[in-house]
Structures are given as structure tokens and as C-alpha cells.
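Worksheet for the structure shown next.
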Amino acid sequence: MKRVLVLGCTGSIGTNAINIINNMSDDFSLCGIQAHSNKEKLQALAKKYNCPSLLTKDDDSPAAFQKLIDSSKPDIIVNGIAGAAGLLPSKIALENGINLALANKETIVMAGSLIKKLARDKNAKIIPVDSEHSAIFNLVEKIGKENISKIVITASGGPFRNYTKEQLKNVTVEQALNHPTWNMGKKITIDSSTLANKGLEVIEAAYLFDVTAEQIQVVVHPQSLIHSLVRTNDGMLYAQISDPDMKHPIFGALTWPENKPTYLEPFELFDKEMTFYKPRMDDFPLLQYAFDSVKKGQAYTIVFNAANEIAVHAFLDKKIDYLSIARIVKSVIDRGWNAPINSFDDVFETDKAARQYAMEEL
């Protein structure tokens, strides 16, 4: 039986992970939980499962995360924490040599090469939980990295896929939070609407799978049934297809390296429609900025993420309009970020500086 520690236990990823643990009690046990600020739900879960817990609004120090790991003794850690706050827990998990089911894309976006080296040094496995990267991970494992020439990441296109440039000027917070196919947290839902989330996934794929920006393609697929594809050296495309439900990639990460029978409903092809379009990068420029950041190096991917986080929260607070999110990110990126990223201290310092510049832009 695998002991599972769930970080971000009250969010979408955490809730789905606990649901799977409940439905597979012969295979998994919930040994520990963390939440940022939802104290009541955290305490209720800790009592129900008789497991240690951590509220990081009170204490988000490395010592607090280490204490949670020491007391829970997990075999695998699910990191469903949102934003840059997820990097430190990922680092501590890997330092302890524990396999990481990673839904926090910022861990890789901010510190991809450092995190991967840490995992290798500690003989720990990073298993992606993002639906797109989970799909790529499984396709790469089955087909072989050496046989793959291109990674194709699908995007829903968000709620404004068919909006004109003029319509985008008047987008409201409420409209941006109304995603057509996925039920997610507020920040990631806004990112999906601007295609910044797809940009973060491009960066994550580049680091996770050791590919260049030129080897990654994004295709808009509104139905969100194909989660990603790979093109093999002979030109063929191979896809992973399932319903748009995060339980599938979480299940795959928890059961890895086994391919266990699932209680989840199998996907059926009948009466399904799948359409594909090129992304409109001129109207949704954050995706292009992400590709550019991959080409320029790690410092730029840190800055892209940091500036976007600040801008999105300002939009959610109704301090800026929708199109200003991309403008702020571009202005911070354009300051130039050529310092080498050789340590986690470098990561955190670059992140802090980018956030300060983004706040100035606000």
C-alpha cells in the first residue's frame, strides 16, 4: 500500500487525489495533508483520516514541510499547490528522495534543470500530473524519447477563442472565470483564457522532456479530449485521449509504474467530435512570450511566470483590464534577464526582482 501526502489538499487537484485514495483504499492511504488557508477543511480532513497536517498561512518554512514529511512518512507526494509557492515543497520532497506527483507547473517553469538534477541525484521520480504532461509522459514511456521528433500540446482555447481583438478589450473577470470545459482554480482559469497557461505548459514540456522550443507545437482543440500528442520520426502522430477530468492523470501518477485497472469511466468515441485550430498568437501573445522565454533561457521563464502571477491577481482584483495582463508581462520580460541560474537562491532572487518590477508596472 502506498502512503500518499497531498499538498494543496483543499484545491481541485488535492480533492481529486483524496477521492481516488478513498476509492482505492486497498492500494493507497492518506498519510498527510497541507493547505494554504482553508483551516476548517484542513482540520476536518486531518481528523477524518487521522493524519498530520500543515497550514502554510501560519508556517510555510522549509522546517515545517520537513516536519510534515517526517511525521507522515509518504511513499509519494502529490503537489497540487498553486503558483510559485509550490516550488519549495517540491524541492524538499525530492531532497528526501520521495517520488513527486507534480501538478505544480511552476516548479519546473522556475527551476526545471535544478529540480531534474535534484531528482536524479536523490533517485526520485517526477511524475507529471498536468493532463497534457501526463499524456506526454505516458506516450514517451511507451514510444521512447529517441523515436519522437515533436511534442504537440493541445489547448482548449479558453472562453474567448472566437473573440475579436475589439471584444477582448472589454472582457470582465466574471467572463474570464467561465471556462467552457475545465473546472479549475481562479488563477489557472484566467491563465487558460489568455493562453498563458499553455505558455507555462510549453516551458514545462521543454524542461521535463529535454526538447527545444522548435520541437513543441500548440494546437487549439476546444473539446479537450486529446490531451497531447507526439509525432514520431516517421511522421506519425500518437495521441492520449480521455474525458477532461483530472482524476485520470492523478490516477496514473499514483499507480505509476503499474498500469492498474481503474474504477473511472472509460472514454467512449461514439458521438464525439474533435476539431483543431492554430492558436491566434497575435491576439493571445502570452503564448508567444513563453516560446520566446524558452529560447532565451531559465531566467526568462522565471520572469514570465512571476510577472504573469502579479498581473493575473491584479486583474482578479479588478485593478487592471484584461489586455493589460499581457502588456505587463511583456514590459517586465523586456528589461533583459541574462544572469545565470545556478542555484535555487538564484531562482528565488530572480522571481522576487521580476515581481517587484511587475508591481511597479501596475
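Scaled to the compact-protein estimate 2.2 N^0.38 Å, what is the alpha-carbon radius of gyration of region 1-156, rounded to two decimal places?
1.04
What residue among SER131, SER71, SER293 shows peak mean-square fluctuation when the chain is described by a Gaussian network model with Cα springs under 10 Å?
SER71
At 1.567 mPa s and 4 °C, plugging the Kirkwood radius over alpha-carbon pairs of region 207-328 into Stokes-Einstein gives what diffusion coefficient in µm²/s?
73
If the cut-off is 16 Å between C-alpha atoms, which lysines fall inside it for LYS47, apart from same-chain ones fewer than 8 positions away?
LYS39
Estimate the FRET efficiency between MET236 and ASP26 by the formula 1/(1 + (r/R0)^6), using the beta-carbon distance for r and 35 Å for R0, to the nearest 0.05.
Computed FRET efficiency for MET236 and ASP26: 0.35.
Considering the alpha-carbon set of region 314-362 alone, what are its Rg and its Dmax in angstrom?
Using the Cα atoms of region 314-362, the pair Rg, Dmax is 12.5, 37 Å.
Tell me, Kirkwood radius of the chain from alpha-carbon pair distances, in Å?
20.7
So, in nm, how far is label ASP282 from label THR15 when the simple model puts each one 7 Å beyond its Cα toward the Cβ?
Spacing of the two 7 Å Cα→Cβ label points: 4.0 nm.
Given a Förster radius of 41 Å and the C-beta distance between GLU40 and PHE344 as r, what FRET efficiency does 1/(1 + (r/R0)^6) yield to the nearest 0.05?
According to the calculation, E is roughly 0.80.
If packing is taken as the average number of other Cβ atoms within 10 Å across a peptide's residues, how do 133-140, 257-264 rank, most packed first?
133-140, 257-264
Work out, step by step, the length gained on full extension between SER149 and GLU214: first 0.36 nm times the residue separation, then minus their alpha carbon distance; give nm to one decimal.
Here the answer is 22.4 nm.
List the pairs from LYS125/LYS296; LYS142/LYS352; LYS142/LYS330 whose alpha-carbon separation is above 29 Å, in the order I gave them.
Over 29 Å apart, Cα to Cα: LYS142/LYS352; LYS142/LYS330.
How much accessible area does ILE92 have with a 1.4 Å probe, in Å² rounded to the nearest 10?
Using a 1.4 Å probe on the heavy atoms, I get roughly 10 Å².
What accessible area per residue comes out for region 169-213, rounded to a whole number of Å², with a 1.4 Å probe?
37
Mind checking which lysines have their C-alpha under 18 Å from LYS247, skipping anything on the same chain fewer than 8 residues away?
LYS2, LYS105, LYS260
In whole Hz and in residue order, list the ³J(HN,Hα) couplings for region 236-245 that follow from phi through the Karplus curve 6.51 cos²θ - 1.76 cosθ + 1.60, θ = phi - 60°; x for Gly and Pro.
After applying 6.51 cos²θ - 1.76 cosθ + 1.60, I find 6, 9, 10, 10, 10, 10, 7, 5, x, 9 Hz.
Using a Cα-Cα cut-off of under 17 Å, which aspartates and glutamates could be cross-linked to LYS48, ignoring same-chain neighbours fewer than 8 residues away?
Straight-line reach from LYS48, under 17 Å: GLU40.
With the Cα gyration tensor of region 64-193 in hand, convert its eigenvalues to equivalent ellipsoid semi-axes via √(5λ) and list them largest first in whole Å.
32, 20, 12
Give the carbon-plus-sulfur fraction of the accessible surface of region 183-224 in %, rounded to a whole number; probe 1.4 Å, heavy atoms of protein chains only.
Here it works out to 52 percent.
What percentage of the solvent-accessible surface of region 1-131, computed with a 1.4 Å probe over protein heavy atoms, is contributed by carbon and sulfur atoms?
46
Mind checking the full-extension length gain between GLU141 and LYS117? Use 0.36 nm per residue of separation minus the Cα-Cα distance, one decimal, nm.
Taking GLU141 through LYS117 to full extension adds about 6.7 nm, to one decimal.
Quick one: which residues, 5 or more positions from SER149 or on another chain, have an amide H under 5 Å from its amide H? H modelled 1.01 Å from N in the peptide plane, none for Pro or chain starts.
For SER149, the qualifying residues are ARG231, THR232, ASN233.
The values are calculated or read from the model by the stated rules, or taken from the named source; none is laboratory data. Just so we're clear, the structure is a prediction, and the values are computed from it rather than from any experiment. We place every Cβ from the backbone using ideal geometry, glycine too, and count neighbours over all the protein chains shown. For accessibility, only protein heavy atoms count, side chains too; no ligands or nucleic acids. Shrake-Rupley method; radii C 1.70, N 1.55, O 1.52, S 1.80 Å.
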